[in-house]
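S.K.: Submitted below is the structure of interest, expressed as structure tokens.
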Amino acid sequence: MDDLLRPAWRPDLSGQADSLLPEGDRQFDQERALLLAAALAPGSGQMKTIVIDGEPASKSRPRFTRNGAPYRTKEDVDAELRTGFHLRRIFREPWTGNIALGCVFFRPNKQRIDVDNMLKHVCDAANKIAWLDDSQVTAVYGVAELDVEHPRTILVFAQHRSTLLRGTDNTQDCEGCGTAFQVVGRNPKRFCSPPCAYKARGHDLAAPVLCKQCGVPFKRTTTTQVMCSVECRAASLRGRSRARRTGPPSVCAECDKPLTHKRGGRCRDCWRANPMKPTKGEGPAE
């Protein structure tokens, strides 16, 4: 299997163990990176490698405040900033689509630190730098090694071919306008935007309508929108409340006597005469 993963340009490593990652000092770091890229993303058209000197950083366990809110320690934030600074040297803009990530962590001691915690640190530090979101990483490989004199981290990024498309490469055509849009979430969408979905159902939101408050033409965002702005809606509510305050009071449903409120119903004398009689606005008699 190793022979299939090794490219033809691999240098002669006679006298060393036959493994995916050759033994040796720092002069073999580039060789290790190329072998990782060939193993994770064979035939990839684009690849980037970087070696970061210093002790590999590790993601600490989750921490919470007294109120239960999660927070990150200052050490984690500073470590991610340092790693992100190094990654910006090789990434001008984030990659889109599926990505393969390979990491070789050379530790300066035998301290028990999990490889997945060091991988989490790299994934969090590379967000918005190497990729838009770490969900684009569909192939990952992490190795922990010991190098007391020269601790370092070898990072390999390569385009990964997978049937599970991620990122901006995961697109489909809109059934309404035919424009390609990014698929996000579990449930597949048929349209690129709400206006396209409404137009397919017979509601063209692109046609302007008159605002019910100010009379100015505007384009709706939903089929139920009747006002052009929040200000018009607030003015309409103020006018409605003022009309209720200034309108005439209600009259008794039986004797037409003016009431002191606008809720309708009967006056006190009519209600005392027959309290069980139902009236509009009152519940049915028991």
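The values are calculated or read from the model by the stated rules, or taken from the named source; none is laboratory data. Just so you know, these numbers come straight off a predicted model, no measurement behind them. Note: ideal-geometry Cβ built from the backbone for every residue, glycine included; neighbour counts use all protein chains shown. Accessible surface areas use protein heavy atoms only, side chains included; no ligands, DNA or RNA. Shrake-Rupley method; radii C 1.70, N 1.55, O 1.52, S 1.80 Å.
S.K.: If we keep just the residues of region 131-164 that are of a type outside the set (Asp, Glu) and under 16 Å from the mean Cα position of the chain (by Cα), which is most open to solvent (accessible area, probe 1.4 Å)?
M.R.: Selected residue: LEU132.
S.K.: Does ALA79 qualify as being outside any helix (DSSP H, G or I), aliphatic (A, V, I, L, M) and buried (at least 17 other Cβ atoms within 10 Å of the Cβ)?
M.R.: Working: outside any helix (DSSP H, G or I): no; aliphatic (A, V, I, L, M): yes; buried (at least 17 other Cβ atoms within 10 Å of the Cβ): yes.
Against the criterion (outside any helix (DSSP H, G or I), aliphatic (A, V, I, L, M) and buried (at least 17 other Cβ atoms within 10 Å of the Cβ)), ALA79 does not qualify.
S.K.: So how many residues does region 83-107 have that are open to solvent by 60 Å² or more (accessible area, probe 1.4 Å), in contact (Cβ under 8 Å) with a residue 40 or more places away in the chain and part of a helix (DSSP H, G or I)?
M.R.: Count: 0.
Yes or no, residue by residue, for (1) outside any loop (DSSP other than H, G, I, E, B); (2) modelled with pLDDT of 85 or more:
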position	(1), (2)
ILE129	no, yes
GLY142	yes, yes
HIS150	no, yes
ILE154	yes, yes
ALA158	yes, yes
SER162	no, no
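S.K.: Just to be sure I understand the filter: pairs with C-beta atoms under 6 Å, separated by 6 or more residues or on different chains, first member in region 25-53 and among the polar types (S, T, N, Q), second member surrounded by 15 or more Cβ atoms within 10 Å (Cβ to Cβ). Which pairs pass?
M.R.: SER44/ALA158; SER44/GLN159; GLN46/GLN159; THR49/ALA33; THR49/VAL156
S.K.: When both residues are 6+ apart or on different chains and their Cβ atoms are under 6 Å apart, which pairs have a first residue that lies in region 215-235 and is touching a residue at least 12 places away in the same chain (Cβ under 8 Å), and a second that is open to solvent by less than 90 Å² (accessible area, probe 1.4 Å) and assigned to a strand (DSSP E or B)?
M.R.: Within 6 Å, the pairs are CYS228/PHE218.
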